[in-house]
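Student: There's a structure below that I have some questions on.
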Amino acid sequence: MDHVRSTAPYGTWPSPVDADSVAAGEALLEWVGFVGDEVWWTEVRPEDGGRNALMRHTGAGVVDALPGWDVRSRVIEYGGRPWGPTGDGIVFTHYADQRVYRWRPGAEPEPLSPESDEISLRYADFAVRGAEVWCLRETVFDPESTKVIRHLVALPLDGSAAADPDAVRVLAATHDFMTGPKVEPGGDRVAWLGWDHPAMPWDGTALMVADIRPDGTLGEPRQVLGGERESVTQVDWGTGGGTLYALSDPDGWWNLQTVHIGPGTESRSLCSRPEEFGEALWRIGLRWSLPLADGTVAVIHGTSGRDLGVLGADGSLRDIASPYTEWAYPATDGTRVAVVAAGPRHRRAVVLVDLAEGTTKVLRPPTGSHDEFTAVPTHRTDRGPDGSDVHSHVYPPTNPDFVAPAGELPPYVVFVHGGPTSRSHRIRNQEITYFTSRGIGVVDVQYRGSTGFGRAYREGLRGTWGVVDVADCATVARALVADGVAAANRIAIRGGSAGGWTAAVSLTTEPTLYRAAAIYYPVLDLEGWRTRGTHDFESRYLDGLVGPWPDRRAVYRDRSPVHHVDRITAPFVLFQGLDDTVCPPAQAERLLAGLAGSSDSARAVEHEYLTFEGEGHGFRRADTIARCLRAEMHLYGRALGFAPAEDL
C-alpha cells in the first residue's frame with residue numbers, strides 16, 4: 001500500500017530529528033592514524049563537555065583509548081594534529097594543560113614536556129626520531145594569544161624534560177608560523193613549511209629543508225619551493241626517503257609536485273588539473289596526500305566535492321569507487337588508507353580503504369537514524385551581476401510524511417560558512433536536516449573567497465570582504481526566488497565566525513531581502529578587531545581581506561555592522577561564547593549597545609542575545625548546540641510566518 005503523506009505548511013512539519021539528537025548524534029571525527037595494525041582517531045564528545053576522546057578500533061570493537069583525557073592542541077588557536085604513534089605507543093597533547101604525554105600499553109600517560117608557568121607552551125604535529133619526539137612548539141606570552149613565538153623542538157622520550165626544561169632541544173625557528181617537522185625515513189634531512197606576517201598560509205608559504213647532523217642538530221635551513229605568491233600547503237617524504245612530495249599552487253591550483261633537492265632544486269607536477277588536491281591550512285598537520293609503500297600516492301582531489309584516488313609516478317590517476325564525496329584526515333600504513341568519509345546520503349564515518357582491492361570497511365559507523373528525512377544536496381552555479389560564477393549547495397525541504405499545500409513556496413535559510421577562506425561540504429548534515437525535515441530549505445553558499453575552485457576564486461574576496469561575500473549570498477537567494485524555488489518574503493540568513501560577519505553585514509546592506517538572521521560568534525567590528533588585537537594567527541588576516549592598516553582605516557570602519565545598526569530592520573538572534581578569544585564578546589556587546597542607542601519604540605528591532613560560559617569560538621557542548629537550534633527555529637517561525645512543530 002502506498003504511503004500517504006499529510007499536507008501541512010512549510011516549516012510546520014514534525015520531525016524526529018530534534019535539537020538534542022543533532023547536538024549529540026553528529027560526531028566530529030578527526031585526526032585519524034595507525035598504531036600498529038589498529039586505526040585510532042579523535043572524536044568530539046558534546047555530551048562530555050566537548051572532550052576530544054582518542055578512540056581505537058580493536059578486534060573487540062571501538063573503545064576509548066584514554067578515558068578522561070582530552071586530546072586536543074591549541075596551537076594557532078584552531079589547533080593541530082594532537083597525537084602521533086611512537087612505535088611502542090603514542091604521544092599526545094592534553095587540552096587542560098597543553099603538555100605532551102607519552103602512553104604505552106599497560107601504563108598511565110607520563111609527561112614529556114615541562115609545565116607552563118606565566119607563559120603557555122603548546123605542541124602539535126609529532127614525529128619520532130630515535131629517542132626523541134620532534135614537533136612544533138608554540139610559546140604564548142599573554143592570555144589573548146597575541147604575543148607568540150614558534151620553534152621546532154625535540155623532546156626526549158625518556159621524560160627528562162618534564163622536570164628539566166633545558167632538556168628540550170630547539171631545532172629551528174625560521175618563520176612566524178611553521179608546521180611540524182617531517183623527518184626523511186632512513187635519511188638525514190627534515191622538511192617543514194613556514195610563512196610570515198602578513199601572509200596567510202593560502203597566500204604564500206616556503207618549503208624548508210635542512211640536513212640533520214650526526215649530533216641531531218640541524219644544518220642551515222634552505223627554501224626549496226614556495227614564495228609570496230605560491231602556497232605550499234603540505235609536504236611529505238616518500239616512504240623510502242629520497243623523494244619529497246609537496247602540494248603547491250604555482251599554476252593556480254593545489255596540485256601534487258615532486259621536489260628534487262640537489263645542487264639545484266627542481267620540481268615537477270605529477271598531475272596538473274584544474275582541481276584542488278589540497279585545502280587551506282587552517283590547522284597544523286593537515287594532510288590530503290599520502291605516499292604509499294609501492295611508490296604511488298593516495299590523493300584527495302576535486303572541486304565542489306572530493307574523490308579518493310591513487311596517483312601513479314607516471315601521472316595516471318585511478319579513483320576508488322565509493323558513495324562518499326568528501327574525505328578528510330587520511331592516514332596510511334603504506335598499503336591501506338584510514339579516513340573520515342561522508343557523502344550526500346552518508347554522515348561522517350571512519351572507514352578503512354583497501355586500495356588494492358578498492359573495498360571500503362566502516363570502522364566507526366555514524367550515529368543517528370532517520371535516513372529517510374535526509375535532503376540530498378545538489379550543486380548549483382549562478383551568475384552574479386558582475387558576471388562572476390557563484391557556487392552553492394541546495395538542500396530542499398524533505399520529509400517522507402508531509403507535503404506542502406499546492407502553490408506554497410518554502411522558506412529558505414542561506415547558510416554562510418566560516419573561514420572565509422574555507423568551504424562547506426556537500427554531504428549529509430544533521431544540522432541541515434534539522435531544518436529541511438521541518439519544511440525549511442537550506443542553500444549553503446560557496447561565495448567567492450571559498451576554497452575548492454582555485455586561487456583566482458579564493459582571491460575573489462581579496463580586499464572586498466563584506467562586499468563580495470554579501471553580494472554572492474544575495475545573488476544565490478534572489479536566483480532561488482526567480483526560479484520559483486523559494487518564497488521571496490521568507491528568506492533568512494545564518495552563519496558563524498566569518499559567516500556570522502557576512503550574515504550581520506547582510507542585515508545592514510540587504511534589509512529587504514532577509515527577514516531574519518542567526519548570527520554565531522561573529523566578527524562585527526573590523527576596526528576594533530584590528531586595533532585591540534586578536535590571536536596571532538589571524539592578527540594580519542584583514543590585510544588581505546580588507547587592506548593594509550591604517551591606510552584603509554576608513555574602509556574598516558565603514559564596512560563594520562557595529563556602525564550601521566540603524567540599517568537593521570530584521571529580527572535576529574546573536575549567540576556568543578564568553579571564552580571566545582577569536583571574536584570576543586565585546587564586539588557583540590558593542591552591536592547591541594548601538595542598537596539600543598539607535599532604536600526608538602517605533603522601530604525597535606526584535607533580537608535575542610544568548611551567551612554561554614565555557615564556550616569559545618565554535619560551540620562544543622551538547623546543551624549549547626541544542627539551545628541554539630531551538631532559538632533559531634523559533635526566530636524563523638516568528639519572522640517567516642509559520643508555527644514550528646515541537647521536537648518529537
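The values are calculated or read from the model by the stated rules, or taken from the named source; none is laboratory data. The shown structure was predicted, so the numbers you read here are calculated from the model rather than taken from an experiment. So basically every Cβ, Gly included, is an ideal-geometry build from the backbone, and we count neighbours across all protein chains shown.
Student: Would you please name the residue that is farthest from the chain's Cα centre (by Cα), looking only at residues in region 365-388 that are part of a helix (DSSP H, G or I) and without any contact (Cβ under 8 Å) to a residue 60 or more places away in the chain?
Tutor: Within region 365-388, the match that is farthest from the chain's Cα centre (by Cα) is E372.
Student: Please work out if R478 is surrounded by fewer than 24 Cβ atoms within 10 Å (Cβ to Cβ) and of a type in the set (K, R).
Tutor: Answer is yes for this residue.
Student: Okay, moving on. Pull out all pairs, ordered by first then second residue, where Cβ-Cβ is under 9 Å, the residues are six or more apart or on different chains, the first lies in region 593-606 and is among the hydroxyl-bearing types (S, T, Y), and the second is outside any loop (DSSP other than H, G, I, E, B) and modelled with pLDDT of 60 or more.
Tutor: Note: pairs meeting the criteria are S598/V565; S598/D566; S599/V565; S599/D566.
Results for (1) under 22 Å from V91 (Cα atoms); (2) in contact with a Lys or Arg (Cβ under 8 Å, 6 or more places away or on another chain), shown as yes or no for each residue.
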{"residue": "A172", "(1), (2)": "yes, no"}
{"residue": "G180", "(1), (2)": "yes, yes"}
{"residue": "V183", "(1), (2)": "yes, yes"}
{"residue": "V209", "(1), (2)": "no, yes"}
{"residue": "E220", "(1), (2)": "no, no"}
{"residue": "L225", "(1), (2)": "no, no"}
{"residue": "R229", "(1), (2)": "no, no"}
{"residue": "D236", "(1), (2)": "yes, yes"}
{"residue": "G252", "(1), (2)": "no, yes"}
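Student: Something else about it: Would you confirm whether any residue within region 503-511 is over 23 Å from Y395 (Cβ atoms), modelled with pLDDT under 95 and not in a strand (DSSP E or B)?
Tutor: Yes, that holds for at least one residue.
Student: Take the residues of region 565-591 that are closer than 14 Å to L526 by Cα and crowded, with 19+ Cβ neighbours inside 10 Å: which is modelled with the lowest pLDDT?
Tutor: V582
Student: Within the set of pairs 6+ apart or on separate chains, which have a first residue in region 434-450 that is polar (S, T, N, Q), a second that is in a loop (DSSP other than H, G, I, E, B), and C-beta atoms under 6 Å apart?
Tutor: Listed pairs, sorted by first residue: T436/A375; T436/P397; T436/T398; S437/S15; S437/V17; S437/N399; Q446/R423; S450/R423.
Student: Same structure again: Cβ contacts < 8 Å: first residue closer than 14 Å to W501 by Cα, restricted to region 452-469; second residue acidic (D, E), any location; separation 6+ or different chain. Result?
Tutor: L461/D469
Student: Please go through region 126-154 and give me each residue that is among the aromatic types (F, W, Y) and outside any loop (DSSP other than H, G, I, E, B), ordered by number.
Tutor: F126, W134
Student: Kindly check whether there is at least one residue in region 521-535 that is surrounded by fewer than 24 Cβ atoms within 10 Å (Cβ to Cβ), touching a Phe, Trp or Tyr at 6+ places or on another chain (Cβ under 7 Å), farther than 30 Å from E408 by Cβ and not aliphatic (A, V, I, L, M).
Tutor: Checked against the condition, which is being surrounded by fewer than 24 Cβ atoms within 10 Å (Cβ to Cβ), touching a Phe, Trp or Tyr at 6+ places or on another chain (Cβ under 7 Å), farther than 30 Å from E408 by Cβ and not aliphatic (A, V, I, L, M), region 521-535 yields at least one hit.
Student: So, in region 67-94, exactly how many residues are on the phi > 0 side of the Ramachandran plot and modelled with pLDDT under 95?
Tutor: Residues meeting the conditions: 2.
Student: Still on this model: Can you confirm whether region 198-210 contains a residue that is among the polar types (S, T, N, Q), touching a strand residue (DSSP E or B) at 6+ places or on another chain (Cβ under 8 Å) and within 25 Å of R273 (Cα to Cα)?
Tutor: Yes, because at least one residue in region 198-210 is among the polar types (S, T, N, Q), touching a strand residue (DSSP E or B) at 6+ places or on another chain (Cβ under 8 Å) and within 25 Å of R273 (Cα to Cα).
Student: Pairs only if they're at least six apart or on different chains, beta carbon under 8 angstrom, first in region 44-64 and surrounded by 22 or more Cβ atoms within 10 Å (Cβ to Cβ), second of a type in the set (K, R) and at pLDDT 95 or above; list them, first residue then second.
Tutor: Every condition considered, the pairs that remain are N52/R72.
Student: Determine whether A161 is touching a helix residue (DSSP H, G or I) at 6+ places or on another chain (Cβ under 9 Å) and either surrounded by 24 or more Cβ atoms within 10 Å (Cβ to Cβ) or without any contact (Cβ under 8 Å) to a residue 40 or more places away in the chain (or both). I'd like the intermediate steps shown before the answer.
Tutor: Numbers: touching a helix residue (DSSP H, G or I) at 6+ places or on another chain (Cβ under 9 Å): yes; either surrounded by 24 or more Cβ atoms within 10 Å (Cβ to Cβ) or without any contact (Cβ under 8 Å) to a residue 40 or more places away in the chain (or both): no.
Considered against the rule, which asks whether it is touching a helix residue (DSSP H, G or I) at 6+ places or on another chain (Cβ under 9 Å) and either surrounded by 24 or more Cβ atoms within 10 Å (Cβ to Cβ) or without any contact (Cβ under 8 Å) to a residue 40 or more places away in the chain (or both), A161 comes out as no.
Student: Select the strands (runs of 3 or more DSSP E) contained entirely in region 256-364, then report the ones holding at least 3 residues which are touching a residue at least 12 places away in the same chain (Cβ under 8 Å). Give the derivation first.
Tutor: Values: elements: 265-269, 289-291, 297-301, 307-311, 317-319, 326-332, 336-343, 346-354, 359-364.
Here the list reads 265-269, 289-291, 297-301, 307-311, 326-332, 336-343, 346-354, 359-364.
Student: Among A626, A639, which is the only one that is touching a residue at least 60 places away in the same chain (Cβ under 8 Å), in contact with an Asp or Glu (Cβ under 7 Å, 6 or more places away or on another chain) and within 27 Å of I432 (Cα to Cα)?
Tutor: Only one candidate qualifies: A626.
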